[in-house]
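First comes the structure, then the notes that go with it.
All of the numbers you see were taken from the coordinates with simple rules; none came from a lab. Quantities reported herein were computed from a predicted structural model and do not represent experimental measurements. Because the Cβ atoms are built from the backbone with ideal geometry, glycine has one as well, and the counts that use them run over all protein chains shown.
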Amino acid sequence: PAIRQISGSSLAPTVEGLKGYCVVSLKAKEFVAGRAQYSAVFEDHTYYFATAEALAKFQANPAQYAPAFGGIDPVCWLQEGRLVEGKFLREFNGRFYLFETRENWDEFKAAPHRFTLEEATQVSAQR
């Protein structure tokens, strides 16, 4: 997937569950607000970064930082077919996921193999 730096006139929606924080900083367990001057679009979402270095890290490997499913709650999607943007950010096996509710996170943790991207890809391929 392509990454592009953006200007204020070409904004895509943000991943609201990130609450404006720099996703690279979140990976380091730090809550640092992103800044508009350091931004990029990946998979139709705008991401803001705290520094030029954080932006460069993201550009080098966006899948390492961007939430799985583009921020859509995998429990809602795979069990109910609903596209719901998650509010609660959690990390599992080095990947960020967002969940609509804490209960969905609990369900994910109980059987993560049902909701990871690999499993979802296999399910989609079988349909």
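Observations, loosely collected:
- Near Gln64: Cβ cut-off under 12 Å, other residues only, Lys/Arg at +1 and Asp/Glu at -1. The net charge is +2.
- Using a simple spin-label model with pseudo-atoms 7 Å out from Cα toward Cβ, Ala28 and Glu16 lie 2.9 nm apart.
- In this simple spin-label model, placing a label point 7 Å from the Cα along the Cα-to-Cβ direction at both Phe88 and Ala111 gives a separation of 1.8 nm.
- For segment 17-105, the share of alpha carbon pairs falling in successive 10 Å distance bins from zero is 18, 51, 25, 5 percent.
- For segment 10-63, diffusion coefficient by Stokes-Einstein and Kirkwood Rh (Cα), 4 °C, 1.567 mPa s, µm²/s: 120 µm²/s
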